[in-house]
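Just so it is clear, none of the values below were taken in a lab; they were calculated from the coordinates. Please read all numbers here as calculations on a predicted model, not as lab measurements. A quick note on method: Cβ atoms are made from the backbone with ideal geometry, for glycine too, and the neighbour counts reach across all protein chains shown.
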Amino acid sequence: MEDKFEKELKEILKTSSEYIEVPEKISIGIDETLAKLKPKNRKKILIKKISIVAALAFVLLTGFVTTCPTLAAEIPIINKLTGINSLFNKLTSSEYGDEFKNLSKLSNVSVAINKGVSDKGVTVTIKEIAYDEAAFYVIYDVNLDKNVTNKKYLEHGIMASTEVNGKKYEANASVPIYSDATRAEFTDVFPVTGGDTIPDKFDFNMIFTGIDNLKGSWNFKIPLVKEKLKDKVNVFKLNKVIKDGSNSIKIERVTSSPAYLSMLAEFKKYEPDKYDYAMMDSNGDEYEGVDMGGIVKNLFSTDVTFFYKQIEGSKLSSISILRPKSKSIFADDFKLKKVQYLPLNSKLPVDFSVGNNKKITIKSIGEKNDKIEIIFTAKGFPAYTFAFGGGIRIYDESMDKDSKKAYDFVRPETLGNSEYKVTLPKERMVLKDSTTMVKYNVDINKFDICIGNYDEMYDEVGRISLIK
């Protein structure tokens with residue numbers, strides 16, 4: 001049986017070929033809401049009814065609530081979780097780095113938008129937005145009309161920025177997740193830098209502009225309301241100062257969401273290679289760093305936001321500030337003294353002492369999907385920082401041990417439960433001279449794991465415990 005709202009809606013749409021059926025519960029809720037309003041004319045109400053139906057039918061709400069700009073102050077906030085319907089659930093891996101597969105864990109702090117703007121034959125559609133007190137994560141796609149032949153629009157030819165409360169935020173990571181001849185889909189990450197606090201209600205302004213002489217602009221203004229995140233996001237307000245001689249580092253806060261951790265630090269003078277910042281969980285595992293932080297320079301200080309992959313089921317335990325003793329791994333004369341070598345075809349497991357009360361165990365080495373996988377265990381010290389900083393490398397036995405070209409650096413993945421994984425491509429590329437690259441296959445029988453000594457590489461200048 002039709003109610004009053006459906007009858008009025010159909011009356012308006014007599015000239016349209018479309019038919020909209022309003023679910024009973026939604027229709028009743030809208031009628032109850034509109035009954036409380038005192039509009040100045042009837043036509044204005046009916047237009048708003050259509051907008052409400054479009055918003056409710058088109059937008060599924062999770063961590064945010066979104067409404068049309070004209071309705072934001074006039075209808076009650078409705079909070080519903082999408083769960084498995086979130087597009088973030090599909091982002092389980094990326095050819096640009098496994099650290100971005102944690103985007104799939106943002107479904108509980110996201111909202112579907114599905115709002116598009118067209119210009120110059122190009123349509124940009126914001127599909128979903130997530131927010132976890134540390135960053136905005138936006139899934140959007142770019143579609144070309146048939147008459148648009150310039151494919152650069154689909155190849156990061158459109159750049160995005162956001163603005164909230166007059167503050168602009170830039171995308172520090174952009175992950176391509178789909179592309180074909182006429183459409184491309186991306187996930188951009190906009191870290192909330194400088195210690196900014198996003199209010200409960202705000203307008204999310206997103207501006208897309210063409211680069212390299214590509215014409216067009218695509219602007220969005222989306223009113224959003226933060227869902228209560230207390231069960232999904234933890235914020236640790238620390239304001240702890242670590243001193244190292246004349247250097248001072250103030251760790252202001254840490255946020256922990258289902259997908260990532262972020263740490264905000266204030267520096268009087270920020271030097272990117274001066275320190276490493278290791279975050280450990282209560283099981284002795286290190287959180288893996290992610291390249292999507294941000295830097296804000298103030299008059300007398302610099303605020304830096306660092307990001308880390310969340311370890312499922314973990315509890316943040318401590319933050320350690322480490323000062324490298326050795327030169328950067330990118331230096332031509334990077335070299336470690338206490339080095340141990342293990343052929344990849346060795347019988348396993350094998351234990352290695354890498355410092356005082358510090359041990360690494362190589363558990364398994366195998367070939368999988370044209371790659372070599374190495375699993376090792378380490379507990380109670382920053383094993384990820386140690387390995388990524390050059391403490392674990394891969395050595396080609398056919399080359400001189402003193403040659404930098406003989407070694408490949410690794411970036412391990414933190415698996416949890418004291419396990420880490422190193423993945424190597426089966427093909428290796430070496431710079432033969434200043435202009436020529438040589439490619440050849442990796443033979444598991446002719447390569448070694450090269451393991452250094454943690455105590456030789458790092459001094460701990462400060463530690464903050466988060467265990468109460």
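Below, the figures for the structure above:
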read-out: Rel. contact order, % - alpha carbon contacts under 8 angstrom, at least six apart, the stretch 116-223; value: 28
read-out: Label-point gap, in nm, between residue 207 and residue 371 - each point 7 angstrom along Cα→Cβ; value: 3.9
read-out: Added length on full extension, which subtracts the Cα-Cα distance from 0.36 nm per residue, residue 196 to residue 117; value: 25.6 nm
read-out: Under-5 Å amide H pairs with residue 301, H placed in peptide plane, nonlocal only; value: none
read-out: Sparse-neighbourhood loop sites, trypsin sites (Lys or Arg not before Pro) in the stretch 308-414 - DSSP loop, at most 15 other Cβ within 10 angstrom; value: 315, 325, 327, 335, 337, 338, 347, 401
read-out: Long-range amide H partners of residue 379 with built H, under 5 Å; value: 359
read-out: Exposure proxy ranking, count of Cβ atoms within 10 Å, fewest first, for 162, 305, 149; value: 149, 162, 305
read-out: Inter-site label distance for residue 463 and residue 418 at 7 Å from Cα along Cβ, in nm; value: 1.7
read-out: Radius 11 Å from Cβ of residue 141, net charge of other residues (Lys, Arg +1; Asp, Glu -1); value: -1
read-out: The stretch 312-322 - phi-based ³J(HN,Hα) in whole Hz, Karplus 6.51/-1.76/1.60, Gly and Pro as x; value: 4, x, 8, 9, 4, 10, 7, 10, 10, 9, 10
read-out: FRET efficiency for residue 146 and residue 219, using Cβ-Cβ distance with R0 set to 22 Å, rounded to 0.05; value: 0.35
read-out: Set 250/297; 232/309; 101/201; 101/363; 405/446; 105/315 screened for pairs whose C-alpha atoms are more than 19 Å apart; value: 101/201; 101/363
